[in-house]
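The values are calculated or read from the model by the stated rules, or taken from the named source; none is laboratory data. All of these numbers come straight from a predicted model, not from anything done at the bench. Every residue, glycine among them, receives a Cβ derived from its backbone with ideal geometry; neighbour counts consider all protein chains shown. Just the protein is used for accessible areas: all its heavy atoms, side chains included, with ligands, DNA and RNA removed. Shrake-Rupley method; radii C 1.70, N 1.55, O 1.52, S 1.80 Å.
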Amino acid sequence: RKNPPDDLLQGPRPFRYPAMEPDTVILGQVLDQVGARVIGIPVHARMVPAEGEASNFPVATATTGGDGLFRLTGLRQGLWEVSPGTPRNPLADPLRLHLAGPEARLDLRVGILGIARIAVLEKKSLAPVKAARIVARLVHGTTNRAGHGASATTGEDGMAILPHLPVGDYVFTVFAPDHRRTVLRGRVEAGATLELGIHLSRASAPRDGL
């Protein structure tokens, strides 16, 4: 009778993952017009394709922390365009940066932005409406950001905050289950908070047999 091989007695050997290359990152900060760091603002980066190369690279995203700094990770070396804001709603023109080593740094700048703080209430009872979705659309601004959009959802207290809004006139549309869609206008000013109260009417109940 043959003895089993030693490797069976010792059990399976642990899998060894291949060594990974050091992470390639873009580090930076977002500053407003007076040089103050902007906290909690999204940042995104797109790789610029080389001639003849497909342009379907994924978009890298990050958000500035409490210190106003961001870190875009997992990037390949090459030419990148970096912008504050989301890919659909950038807040400034992109800056180009050639990432040739494991790390690069840059500062992004935005105008002085505003905030909208919105309370959504029942029209009759004045009770807060939770889980209402608010969509803001810039219709006329001081920059070329017309069409800029943002959205937020109300919490248990019926409140929602939309930060980092370019200055200008907005249309705010509110959607909530069992309520009528409601539209309100307001103007966001630089460095200020727009306070709005929106009262929603209940949707009409469908008639029996219809």
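Some notes on this structure:
- At R0 = 30 Å, FRET efficiency that the Cβ-Cβ distance of residue 183 and residue 93 yields, to 0.05: 0.45
- Of the accessible area of the stretch 54-119, computed with a 1.4 Å probe over protein heavy atoms only, carbon and sulfur atoms account for 49 percent.
- With the convex hull of the Cα atoms taken as the outline of the stretch 86-162, the averaged projected area works out to 7.7 nm².
- Of the GluC sites (Glu not before Pro) in the stretch 86-182, the ones in a loop by DSSP (not H, G, I, E or B) with at most 14 other beta carbons within 10 Å are 156.
- In sequence order, calculated HN-Hα J values of the stretch 101-115 (Karplus, 6.51, -1.76, 1.60; Hz; x Gly/Pro): x, x, 8, 9, 10, 7, 10, 10, 10, 10, x, 6, 9, x, 10
- Residue 98 sits with roughly 130 Å² accessible to a 1.4 Å probe, with DNA, RNA and ligands left out of the calculation.
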